[in-house]
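Nothing in this text is a laboratory measurement; each read-out follows from the coordinates by a stated rule. Every value quoted in this text rests on a predicted model; they were computed, and no experiment measured them. Quick reminder, even Gly has a Cβ in these numbers, built from the backbone with ideal geometry, and neighbours come from all protein chains shown.
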Amino acid sequence: EAMLATKGVSVLDVYQGWCGPCKAIVSLFKRLKLDIGDELLHFYTVEASRLPLLKGFEGKCEPVFLFVMGGKIVDSVKGVNPPLLNKQILEMVEEERRFYEEGAQRKRVSTFCYRLLFIEASIIVLIICLCYSGPLLALALVRENAIQHWRNLMGNYDIEIAQEHNPTSLRARYVCPDIPFNQIHGSESSEIAMKELRYFFPVEHTLIAIKPDAVLEYKEEIIAKIQKSGFIISAMKSVELTPEMAAEFYKDQKGKAHFKELVNYMSRGTSLMMILTKENAVRDWRDLMGPADLELAKKSFPNSFRAQFGKSILQNGLHGSSSIQHARQHIRLIFGEAVLDQFGIIIGNF
């Protein structure tokens, strides 16, 4: 209780009795403590078997670090990962500093339990322990009125109420002995569903263009290869770029010798624009696309799209956003703000 009430960021090293606290991370914690001071950063060690609330961690070989701010569990790190721990702690301490000095809002959402914003921290600890005690299965379910239909199937969150009033519901039927919580979760609203989909099914969106010459000669072949490469085509649109649009599209090339020629080329015919979706979409598409230099592409990356479908540096067949930020800008420019991805989440509204 004293720890939960402590001002600032509290880091809990949850360890096993047979091995003791994690020694490999002590030097990092000492350095951070010296750099930041006593007021906003605190470290604790706790043996998993000593507290019933940490039962889910008992017997686990891998260290787990829990982070508490404002009496709430706000994050966790599994395993010894000094760069990640350093980054997390510095960001949280800065967040606490802004909270106390400027009145800025805290991050108060548990990594795993968006809906537990106002439940006491000890209960959140127990639920996170249960989540960490083994693998869970996350499903993205799709149907008309999906949220309410699934919640009807689940039944009441209180096991006793579910068993008394709706004994055929999933929460009433599938109960684990000695665990006072139901074992099935469902998003409470469209907003929460979007957050949880992004958490459990993390994806990126990138914008690509099949350039005018490649559209005429290789469009269907390129689309088939994209789909076979693990990308989801979330949106597709044929566009005749005006010179002004082409200049905006390639504004990062402005000032280079080839800029005018590139704008003229891209505005002389129809391009096929697509939003591609997958994990690491920006990087993976650029790897698949290959370098802009056609000679380099054919020599060093013969299986790349540009090596297969390009004719020259200018007519290299395809374009791909160079970064997540560029992808966002290009999506807004070509598709506007209302295009949806495969989860029904707006892609263009960043």
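Points worth noting:
- Summing +1 for each Lys or Arg and -1 for each Asp or Glu among the other residues whose beta-carbon sits under 13 angstrom from that of V26 gives +3.
- Overall form of the stretch 204-335 per C-alpha gyration tensor (a/c, 1.5; a/b vs b/c): rounded
- HN-Hα J in Hz across the stretch 145-153 - Karplus 6.51, -1.76, 1.60, θ = phi - 60°, x for Gly and Pro: 6, 4, 4, 5, 5, 5, 5, 5, 5
- Long-range amide H partners of G8 with built H, under 5 Å: G70
- Sparse packing (at most 14 other Cβ atoms within 10 Å of the Cβ) combined with a DSSP loop state is found for the following GluC sites (Glu not before Pro) in the stretch 152-199: E188.
- Protection-proxy order for peptides 63-75, 263-275, each taking the mean of Cβ atoms within 10 Å per residue, highest first: 63-75, 263-275
- Under 12 Å from the Cα of K78 - aspartates and glutamates, other chains or at least 8 residues apart: D13, E62
- Under-5 Å amide H pairs with I313, H placed in peptide plane, nonlocal only: L294
- Taken one residue at a time, the phi angles of the stretch 225-235 give Karplus couplings (6.51, -1.76, 1.60, θ = phi - 60°) of 5, 4, 5, 6, 8, x, 8, 9, 8, 7, 7 Hz. Gly and Pro are set to x.
- Lysines whose Cα lies under 30 Å from that of K72, excluding same-chain neighbours fewer than 8 positions away: K7, K23, K30, K33, K55, K60, K87, K107, K195
- Only lysines eight or more places from K260 in sequence, or on another chain, were considered; those with a Cα closer than 29 Å are K211, K219, K237, K251, K298, K299, K311.
- For the stretch 184-199, putting each phi into the Karplus relation 6.51 cos²θ - 1.76 cosθ + 1.60 with θ = phi - 60° gives couplings of 10, 10, x, 4, 8, 7, 4, 4, 5, 4, 4, 4, 6, 4, 5, 6 Hz, in residue order, rounded to whole numbers and with x for Gly and Pro.
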